[in-house]
Amino acid sequence: MGVDLTLDEQKLVDYSKEAIIKYNKMRHANGGIDTLYSFLLSDSGKIYEGAALEPAVVCGERHAIANLVLQESYKAKIKTILVADPVPYMQESGTPPCGACRQVIWQHANPETTVILLQYVQGKEGWTFPKLEKFTIKELYPRPYGPKEGLWDNWEPK
Ligand SMILES: [Zn+2]
C-alpha cells in the first residue's frame, strides 16, 4: 500500500484487522453496527483495545489509552496507535484523532510515536481494509498544550 511500517507497526495492524473482524461479527450478532476502534502498542510491548462509545461520548483512542493507564501507569508510553474507522467505500484520507485525543496521545507519546489510520469497509464477503496511512504524533499535533513550570514561582501572598 506504499506505507513503510516497522515490525511493531505491522504487528499492531495485523492484530487490529483480526480484532475488528472478531468484534464486528460479535456486534452484528447482538444487533449492533460497525464502529470506530482504536488499538495501541505500548512501549512495554502490550496491545490495548478501545472502541468508540457512541454517539460521541468517548472516542476509541481515549478508551484504549484508559486501558493502558489502568494496566500500566500514567507514565506509560505509546509506541504506535491505530484508529480504524468504518467507511462506505475508500476515502481520500482516513479519520484522524480529534483534538482532545491528540492531546492525550501526545501526553503518552515519545517524539517517534506514530498514529496509523486504517479504513475498513463492510462488503458482502466480510470486511476489507482498503487504505492505511501513517503519521507521527508530532505531524498531527505540532503545538501541544502544556502548563509551564515555574508560572507561580514569583507569587507572594499580600
Ligand atoms: Zn477523539
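Just so it is clear, none of the values below were taken in a lab; they were calculated from the coordinates. Just so it is clear, the model here is predicted, and its values are computed rather than measured. Note that each Cβ is placed from the backbone with ideal geometry, even for glycine, and that neighbours are counted across all protein chains shown.
Some points to look at:
- Signed unit charges on C-beta, dipole axis of the chain, positive-most listed residue Gln91, Ala19, Thr136: Ala19
- Stokes-Einstein D in µm²/s, Kirkwood radius over Cα pairs - the stretch 1-45 at 37 °C with 0.692 mPa s viscosity: 273
- Relative contact order for the stretch 6-67, counting Cα pairs under 8 Å that sit 6 or more residues apart, in percent: 24
- The chain: relative contact order as a whole-number percent, Cα under 8 Å and 6+ apart: 19
- Pairs from Lys75/Lys158; Lys22/Lys75; Lys75/Lys131; Lys11/Lys138; Lys46/Lys148; Lys17/Lys79 whose Cα-Cα separation, in the structure shown, is over 27 Å: Lys75/Lys158; Lys22/Lys75; Lys75/Lys131; Lys46/Lys148
- Amide H to amide H distances under 5 Å link Lys79 with Leu41, Ser42, Asp43, where only residues 5 or more positions off or on other chains count and H is placed in the peptide plane.
- When each of the peptides 107-113, 68-74 is scored by the mean number of other C-beta atoms lying within 10 Å of its residues, the order from highest to lowest reads 107-113, 68-74.
- Computed per residue of the chain from DSSP H runs no shorter than four, each worth -39500 (n - 2.57), the mean residue ellipticity at 222 nm is -9500 deg cm²/dmol.
- For the stretch 101-143, the set of trypsin sites (Lys or Arg not before Pro) satisfying both a DSSP loop assignment and a count of at most 12 other C-beta atoms within 10 Å is given as Lys124.
- Trypsin sites (Lys or Arg not before Pro) within the stretch 1-76, DSSP loop, no more than 15 other Cβ atoms inside 10 Å: Lys46, Lys75
- Cut-off under 5 Å, modelled amide H: who pairs with Thr136 long-range: Val115
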